[in-house]
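Notes follow the structure.
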């Protein structure tokens, strides 16, 4: 695989020496055994292993691409621009996406078997899961039996984020609230990145846990809150304690995704959003053309980030200025490329 990616023979030899010169030992009843000389394979904890694994995983991408070009299966297409998505990879996780036809599953199983034979990484189907959208339960069960894998429930959690549920429901956030309470009571802060817009009820529940921790209040003991919570959340220079306001922190983290939407507009996830919801044509800053009622929860959260009345309207755009470059991606009238406001607002204000 490294040869196909252009690594020279000397470099490949260095990598092989790093893998084959290592030794390890096994603890038996607390005592290490004799050292075992390793000849090949990736080792957990080795700083080289993550990079080598990514190189090996490129082999699966190549097999999928070749099978698609030869017409063995049609890639899944998203949105008006027909963005092709067949394989998504994150670290050692892989998501294969396609239709529910038996042909597609035969091809995928053959590709995975070929990947096993070529690269020596065996697919553990007993730990794999099948997830279907708008597919009958009987057909899904038949496909799962064919792959010898398990069925995903309609809603599940991946990387700490709930999938297939309403993020506006307080019930969805109950696991997070359960984790918050004991950790706060023992003085351990949780740094859970809220990458999904939380509802007002969820924000108030988290703030209640924060207030109870600060004033020492429990379900059995009531305490007086001597200072308003808004003042507690102010910086120390302003007379507060510098405690993060959960709502503002939530919106700020969503603002990070808005920034990435602007700076990484050619990446796959951005192209998928633009293909599905459309891009605002009269503004080079990013916006969606599709009405909010027809957008996904995450797309609505990105729109909410820039128009939250609890902060300031368009607060994200007010903190950005466009670097001209060659000017091909900059709107003379609508972009803030010279100062904080754009020329269209200046002209309208002058005419009024």
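The values are calculated or read from the model by the stated rules, or taken from the named source; none is laboratory data. Since the model is a prediction, treat every value here as computed from it, not as a measurement. Reconstructed Cβ throughout: ideal geometry from the backbone, glycine too, with neighbour counts over all protein chains shown.
Some points to look at:
- Of all residues in segment 226-273 being in contact with a strand residue (DSSP E or B) (Cβ under 8 Å, 6 or more places away or on another chain) and in contact (Cβ under 8 Å) with a residue 60 or more places away in the chain, the one that is surrounded by the most Cβ atoms within 10 Å (Cβ to Cβ): 271
- The conditions of being surrounded by 11 or more Cβ atoms within 10 Å (Cβ to Cβ), within 30 Å of residue 288 (Cβ to Cβ) and free of Cβ contacts under 8 Å to residues at least 12 places away in the same chain are not met by residue 54.
- Consider segment 117-135 and keep the residues that are under 20 Å from residue 55 (Cα atoms) and in contact with a helix residue (DSSP H, G or I) (Cβ under 7 Å, 6 or more places away or on another chain). The one that is modelled with the lowest pLDDT is 121.
- Residues satisfying the stated conditions in segment 133-155, i.e. without any contact (Cβ under 8 Å) to a residue 24 or more places away in the chain and either outside any helix (DSSP H, G or I) or under 17 Å from residue 202 (Cβ atoms) (or both): 133, 134, 136, 148, 151, 152, 153, 154, 155
- Complete set of residues in segment 138-179 that are under 20 Å from the mean Cα position of the chain (by Cα), surrounded by 15 or more Cβ atoms within 10 Å (Cβ to Cβ) and over 21 Å from residue 299 (Cβ atoms): 152, 176
- Meets criteria (at pLDDT below 75, over 30 Å from residue 131 (Cα atoms) and not assigned by the TED database to the domain that holds residue 295) for residue 213: no
- Check on residue 148, at pLDDT 85 or above and on the phi > 0 side of the Ramachandran plot: yes
- The lone exception for residue 266 - which of (1) assigned to a loop (DSSP other than H, G, I, E, B); (2) at pLDDT below 80; (3) under 19 Å from the mean Cα position of the chain (by Cα) it fails: (2)
- Only one of the listed residues (61, 78) is touching a residue at least 60 places away in the same chain (Cβ under 8 Å) and surrounded by 11 or more Cβ atoms within 10 Å (Cβ to Cβ). That residue is 78.
- The requirement of being in contact (Cβ under 8 Å) with a residue 24 or more places away in the chain, farther than 30 Å from residue 133 by Cβ and exposed (fewer than 13 other Cβ atoms within 10 Å of the Cβ) is fulfilled somewhere in segment 3-13, by at least one residue.
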